[in-house]
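Coordinate-derived values only; no laboratory data. Here the structure is a predicted model, which is why all the values come from computation and not from measurement. Virtual Cβ from ideal backbone geometry, glycine too; neighbours counted across all protein chains shown.
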Amino acid sequence: MNVTEQSIFEQFSFWKSALQLELPRLDPEKLTIVVGCGTSFYLAQTVSALLNRHGFRSQPVAGSEWTHHASSYTPEQVQVIALSRSGESTETIEAVEYSKQQGYLVIGITCEKGSTLERNSDLPIYAETHAREGIVMTSSASLMLLVSMRLMGIEISEIDVDRAEEFLHRSASEIDSLLVGRSHFVYLGGGHLYGMANEGALKLQEMSLSYTQAYHPMEYRHGPITLVDERTLAVLLYNDETHALEARLTGDLQSKGARVLGVGGPGDVSLPYPTENNELAALLALPVLQLIGERLAQLKNLDTTKPRHLTKVVVLS
């Protein structure tokens, strides 16, 4: 097992530690802006969707977009959740500085103790991550998602963490056979799983240098499906509300030559979620998506500790 796989398979003890964190309370009367960059922005998409399901009003915004293109609000109208593993990403820190200038309350979630984000947040939250995690975000991404879910009141237990670990191990034996001979990769997820589809695509791209796409499932028929052939692998993250529609899409994709990994539903390989609580699906799926990227990288003899053109912290001069 290489270093990247270690950070994926060994992340669950850090999840359990994060379950013990004392967290602040979100104000349900305020618009909750969730900002981040890269992986953290895709986490923000999932977090915002879950917040909206829980009676909050929320919007995910990329760090630079919030700083330079934000609408005007009063301090009483907005609270900001800022996500950054390092707590030093330039655009995220600038978004925090902008938010503070506007008088908005900032909740910062980071995996780096003493970081700029932790120091500059009104309500900082630090979650320790795997010490051997490299440039590509694995354990830290899961931790920031878990903390954000707890922040909005979603209950997560140690039993849920154990189920997530078992789910990853069960999935690991199914992944490799799907990847062989595939060069076109598509990730599909709706609702709160759209952010996870984006993150899965990003992970595969970063780790294996493969071109990937991500879409809402029902949108995929509106043009992008033209690329599907016998080289396609589609990873479909099933959602309870649209399960039947997504199963029909799986059939369409298979009829055109694609293999489908059905996470939570039918596919050439089907991985049923180990819980009936669909809100936990994003958290359960995330380590599996990380492992898919690593396994394809291995097939291509790529070292995921040294992804091309990437650094662990994006600091702009």
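For the chain, find the longest principal axis of its Cα atoms and tell me its angle to the long axis of helix 194-208, 0 to 90°, nearest 10. Relative to the chain, helix 194-208 is tipped by roughly 70 degrees. Sorting the segments 218-227, 168-177, 278-287, 48-57 by their mean number of nearby beta carbons within 10 angstrom, highest to lowest, gives 278-287, 48-57, 168-177, 218-227.
Note down the net charge around D240, summing +1 for each Lys or Arg and -1 for each Asp or Glu among other residues with Cβ under 11 Å from its Cβ. Walk me through the numbers before you get to the answer.
Numbers: positive: none; negative: E241, E246, E276, E279.
Value of the local net charge: -4.
Each other residue within a Cβ distance under 12 Å of Y126 adds +1 if Lys or Arg and -1 if Asp or Glu, for a net charge of -1.
Between rounded, prolate and oblate, where does region 158-300 land on the alpha carbon gyration tensor, with a ≥ b ≥ c its root eigenvalues, rounded for a/c under 1.5, else prolate if a/b exceeds b/c? Don't skip to the end; give the middle numbers.
Values: a/c = 1.63, a/b = 1.16, b/c = 1.40.
Because a/c hits 1.5 or more and a/b fails to exceed b/c, region 158-300 counts as oblate.
For a quick check of your reading of the filter: which trypsin sites (Lys or Arg not before Pro) in region 80-155 sit in a DSSP loop and have no more than 16 other Cβ atoms within 10 Å? Don't skip to the end; give the middle numbers.
Numbers: sites: R85, K100, K113, R119, R132, R150; in loops: R85, K113, R132.
Loop-located and lightly packed - K113, R132.
Annotation: amide H of A214 within the under-5 Å range of Y187, sequence separation 5 or more or interchain, hydrogens built in the peptide plane.
Straight distance only, please: which aspartates and glutamates reach the Cα of K300 with their own Cα at less than 17 Å, same-chain residues fewer than 8 apart left out? Counting by Cα, and skipping residues close in sequence, K300 has these aspartates and glutamates nearby: E5, D176, E206. With Rh defined as the Kirkwood radius, the inverse of the mean 1/r over Cα pairs, the Rg/Rh of region 3-152 is 0.95. Within region 1-88, the GluC sites (Glu not before Pro) that combine a DSSP coil assignment with at most 12 other C-beta atoms in a 10 angstrom radius are E22, E29, E76. Straight-distance candidates among the aspartates and glutamates for linking to K16, with alpha-carbon spacing under 14 Å and chain neighbours fewer than 8 residues away dropped: E128, E155, E158, D160, D162, E165. Residues whose amide H lies under 5 Å from that of I81, counting only those 5 or more places away or on a different chain, are I33, V34, V35, I107; hydrogens are built 1.01 Å from N in the peptide plane. Within the straight-line cut-off of under 12 Å between alpha carbons, the aspartates and glutamates reachable from K30 are E76, sequence neighbours fewer than 8 places apart in one chain being disregarded.
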